[in-house]
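Quick notes on the structure that follows.
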Amino acid sequence: MGTRSYYVYILASRIGGTLYIGVTNDLVRRVYEHKSGAVEGFTKDYGVSHLVYFECVDEVEVAIQREKRLKKWPRAWKIALIEKDNPNWIDLYPEIAAGGG
């Protein structure tokens, strides 16, 4: 049985906009669900669908703990985390959907 990957991700409505933090085992599928409006709730209500940050871990417990920790961070820390590797808040979804992520 192969190693499973889990992803902690941050979506944004726009540069400096509303943020959403989530965890999934299939990043492409999950972000597509947010983008297509298939997910009822916060991201659909606030138009939060640009993938601006993600990290991959091997254990689901680690991913869930990381998600919970990030959700408690001050907003400035979340923005700094995004801008460290994605200063222009580019939507990373097209790259990962094409197999580059």
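Structure summary
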| item | result |
| --- | --- |
| Segment 6-97 - charge dipole about Cα centre, Lys and Arg +1 at Cβ, Asp and Glu -1, debye rounded to 20 | 400 debye |
| Contact order normalised by residue count of the chain, Cα under 8 Å, 6+ apart, percent | 33 percent |
| Cut-off of 10 Å, at most 15 other beta carbons, DSSP loop: longest stretch of the chain lacking such GluC sites (Glu not before Pro) | 60-101 |
| Protection proxy ranking, peptides 41-53, 68-80, average beta carbon neighbours within 10 Å, highest first | 41-53, 68-80 |
| Semi-axis lengths, Å, the chain, gyration tensor of Cα atoms, sqrt of 5 times eigenvalues | 19, 16, 14 |
| ³J(HN,Hα) computed for each position of segment 37-50 - Karplus, 6.51 cos²θ - 1.76 cosθ + 1.60, integer Hz, glycine/proline x | x, 5, 9, 6, x, 3, 5, 6, 4, 10, x, 9, 8, 8 |
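Values in this text are rule-based calculations from the coordinates and carry no lab data. Remember, predicted model here, so these are calculated numbers, not experimental data. A quick note on method: Cβ atoms are made from the backbone with ideal geometry, for glycine too, and the neighbour counts reach across all protein chains shown.
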